[in-house]
1. Which helices (runs of 4 or more DSSP H) does the stretch 1-107 wholly contain that include 3 or more residues that are within 16 Å of residue 117 (Cβ to Cβ)?
2. Enumerate the pairs (first residue in the stretch 23-40 and in contact (Cβ under 8 Å) with a residue 12 or more places away in the chain; second residue anywhere and small (Gly, Ala, Ser) and part of a strand (DSSP E or B)) with beta-carbon separation below 9 Å, excluding pairs fewer than 6 apart on the same chain, so at least 6 apart or on different chains.
3. Given the criterion touching a strand residue (DSSP E or B) at 6+ places or on another chain (Cβ under 8 Å) and among the charged types (D, E, K, R), identify the matching residue among 75, 70.
4. Run residue 94 past the list (1) among the hydroxyl-bearing types (Ser, Thr, Tyr); (2) modelled with pLDDT of 85 or more; (3) more than 13 Å from the chain's Cα centre (by Cα) and report the number of the one that doesn't hold.
5. Let me spell it out: the conditions are (1) in contact with a Ser or Thr (Cβ under 9 Å, 6 or more places away or on another chain); (2) more than 23 Å from residue 20 (Cβ to Cβ), and residue 67 meets all of them except one. Which number is the exception?
6. Output the residues belonging to the stretch 74-94 that are under 21 Å from residue 20 (Cα atoms), of a type outside the set (Lys, Arg) and surrounded by 10 or more Cβ atoms within 10 Å (Cβ to Cβ).
7. Step by step: first the residues of the stretch 28-56, then only those that are surrounded by fewer than 14 Cβ atoms within 10 Å (Cβ to Cβ) and among the charged types (D, E, K, R), then the one that is farthest from residue 17 (Cα to Cα). Which residue is that?
8. Looking at the stretch 16-39, is at least one residue β-branched (Val, Ile, Thr), within 14 Å of the chain's Cα centre (by Cα) and at pLDDT below 95?
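The values are calculated or read from the model by the stated rules, or taken from the named source; none is laboratory data. It should be emphasised that the depicted structure is a prediction, and the values quoted were computed from it without experimental measurement. Here the Cβ is made from the backbone with ideal geometry for all residues, glycine too, and neighbour counts use every protein chain on show.
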Amino acid sequence: MSGMLAPEVLVLGGTGNVGQGIVAALLEAGSPVLVVGRDPGRLSALQEQFADEPGLETLLGSLADDGSARTVAERVARRRRPLRAVVDAMGGPYNRGRVLDRSGDALLQALQADVMPHVHA
């Protein structure tokens, strides 16, 4: 297998609390990791956190809608390194309280922010 690149793990939501732990564990295990995130500042912070890890790469992109997700998928597909796995660690803001106590608009907003990116992914 000389000349072949080791497969990498794609981590969606790798800049969040849970995602950073997943990224750290994968890098510690020796796996190359590609993190897709929508916040350039958080991607930069992740790169700084793991500056000594050559196996980490980041990709700015969003999964908020079908078009953006398709763009991310196309960019990932054009990469030379094959994927071993995809980990979905995306999460939205945590909201306490009962669902029934929220307005319809708040529920729709939560659905759009928390659930739909997983569907698009």
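1. Because the criterion is at least 3 residues that are within 16 Å of residue 117 (Cβ to Cβ), the helices (runs of 4 or more DSSP H) in the stretch 1-107 that meet it are 66-77.
2. Once the first residue is in contact (Cβ under 8 Å) with a residue 12 or more places away in the chain and sits in the stretch 23-40, its partners that are small (Gly, Ala, Ser) and part of a strand (DSSP E or B) give 31/85.
3. Selected residue: 75, the only one of 75, 70 that is touching a strand residue (DSSP E or B) at 6+ places or on another chain (Cβ under 8 Å) and among the charged types (D, E, K, R).
4. (2)
5. For residue 67, the failing item is (1).
6. 76, 83, 85, 86, 87, 88, 89, 90, 91, 92
7. Selected residue: 52.
8. yes
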